[in-house]
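Below you'll find the structure, written out as structure tokens, and then a few comments.
A short reminder: the numbers here are calculations on the coordinates, not readings from a lab. As the structure is a computational prediction, the values presented were derived from the model and not from experiment. Quick reminder, even Gly has a Cβ in these numbers, built from the backbone with ideal geometry, and neighbours come from all protein chains shown.
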Amino acid sequence: MDRTLKALSLILSYPTRELQHAMPEIGAVLASDTRLTAAARRALRPLVEELGGRDIYDLEEQFVLLFDRSRTLSLNLFEHVHGESRDRGGAMVSLIETYRAGGFEPNTSELPDHLPVLLEFLSTRPFSEAQDILADAAHIFEALNARLGRRESNYGAVFASLLQLAGAKADQGAVAEMLAQPDDDPSDLEALDEVWEESEVLFGPDPNAGCPQVRDMLSRMDTPVNPAPHHAAE
């Protein structure tokens, strides 16, 4: 198992007391991985300390405001690729089938494209395969890192680390297109209501989706979705 990818998967998961108790071990794993630069490892330290020592209720509130209430910071990767189009449903089905083909059965209520779930899967695969998939999502990681930086969040260091592990530079045009989209600030409740205005969600198998490997599905991540003015609630 790739312990660093597993550690990053845990750090991006919803905070729990169990996670807090595991932070010393998680921090040690990240601090010892020489695939990350010394600067990247130092940048992760404040988040490790925050998750390990801050009040659990504050951590939970922060996580919800960042990743659950803000669609532009969503940890569901296909949100940034397909939005709520029917293509997203087909991609979900194919991703689940790919997990099962690799002997991986996610034990979670999260969607299969949830980044912590994907990272847990990648931690079980050869690193060369994991690196290719991370490279396909590099522009998403860079955009999320930039948005978290604007909010002065320590979580940005995780995405900077994922970029390093990907070993590839993000497509700057794709990054610019993502960052040009309106950023739904979780503190602006009126704006959030507009972003999350209810509409039909189209899920279910796409007859043209087939069952490609994860890399095939994520390879289109270099063309971010242009979201419609209104989206469906998940």
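Within this structure, Ser94 fails the test of being touching a Ser or Thr at 6+ places or on another chain (Cβ under 8 Å), of a type in the set (Ser, Thr, Tyr) and crowded, with 18+ Cβ neighbours inside 10 Å.
Which pairs do you get when a residue that is under 12 Å from Leu148 (Cα atoms), found in region 55-75, comes within reach of a residue that is of a type in the set (Lys, Arg) and surrounded by 18 or more Cβ atoms within 10 Å (Cβ to Cβ), reach meaning Cβ atoms under 8 angstrom, with the pair 6+ apart or on two chains? Matching pairs, first to second residue: Thr72/Arg147; Leu73/Arg147.
Taking region 100-130 as the range and being over 26 Å from Thr72 (Cβ atoms) and of a type outside the set (A, V, I, L, M, F, W, C) as the test, the residues that pass are Arg100, Gly102, Gly103, Glu105, Asn107, Ser123, Thr124, Arg125, Pro126, Ser128, Glu129.
Per-residue answers, yes or no, for (1) closer than 28 Å to Leu111 by Cα; (2) surrounded by 18 or more Cβ atoms within 10 Å (Cβ to Cβ); (3) touching a Phe, Trp or Tyr at 6+ places or on another chain (Cβ under 8 Å); (4) not aromatic (Phe, Trp, Tyr):
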residue	(1), (2), (3), (4)
Ala28	no, no, no, yes
Arg35	no, no, no, yes
Val48	yes, yes, no, yes
Gly52	yes, no, no, yes
Asp55	yes, no, no, yes
Asp58	yes, no, no, yes
Glu61	yes, no, no, yes
Leu65	yes, no, no, yes
Asn76	yes, yes, no, yes
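Scanning region 97-124 for residues that are among the acidic types (Asp, Glu), out of contact with any strand residue (DSSP E or B) (no Cβ under 9 Å at 6 or more places or on another chain) and crowded, with 22+ Cβ neighbours inside 10 Å turns up just one, Glu120.
Is there a residue in region 1-9 that is surrounded by fewer than 20 Cβ atoms within 10 Å (Cβ to Cβ), assigned to a helix (DSSP H, G or I) and not charged (D, E, K, R)? No, that holds for no residue.
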